[in-house]
Amino acid sequence: LTPEKAKEKPVEDYGLGRNCMLFDQLRAWAYKAIRQGWPDYNQWLNACLDRATGYNVNFTTPLDMSEVKHTAKSVAKWTHRNFNRGTFDDYVARTHTSRIQAIRGKKGGKANGKTKREQGIAMLQSGLKIQHIMKALQVTKKTVYNWKKSA
């Protein structure tokens, strides 16, 4: 984890508990991270363990190291077995055809019949704060200021 992440205040436990939270965070990271070089199993297990340890530090009451190791091993085994170049290429071939990409492209920035820009301008005119608009539409502060100038 980056030093900034390590300095964050402790994460409040949610839902089913720290084990489930650790597992969810780790697997979400692992699905993307394994594609960065397709490491051998031992390298991958160490990377998962390092990441899990970093997540565990942010809990109000951290899990025992044995629980962290078991969770990391579980995620590492499953992702290493199920994610490889071949399965990823198959996934991309199924989900990124020209036809599917054309449909996605036509949607563009539209949501609820309006573009993000139109939604943002309407939100500004209704008096919402810039921070709220940034979060709701997932845009930068600069973008919202540009919309404000043009409105």
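So the values come out like this:
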quantity	calculated
Semi-axis lengths, Å, the stretch 108-150, gyration tensor of Cα atoms, sqrt of 5 times eigenvalues	15, 11, 10
Per-residue Cβ neighbour rank within 10 angstrom, fewest leading, CYS48, CYS20	CYS20, CYS48
Relative contact order of the chain, defined on C-alpha pairs under 8 angstrom at six or more residues apart (%)	21
Neighbour-count ranking [beta-carbon atoms within 10 angstrom, fewest first] of VAL57, VAL68	VAL57, VAL68
Largest-first principal axis extents, alpha carbons of the chain, Å	56, 43, 28
Highest-first arrangement of 93-106, 138-151, 26-39, where packing means the average Cβ count within 10 Å	26-39, 138-151, 93-106
Given LYS114/LYS149; LYS107/LYS148; LYS107/LYS149; LYS107/LYS141; LYS69/LYS141, the pairs whose alpha carbons are separated by over 31 Å	LYS69/LYS141
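Every number in this text was worked out from the coordinates using simple rules, so none of it is lab data. All figures in this text were calculated on a predicted structure; none of them were measured in a lab. Methodologically, a virtual Cβ is constructed for each residue, glycine included, from the backbone with ideal geometry; neighbour enumeration extends over all protein chains shown.
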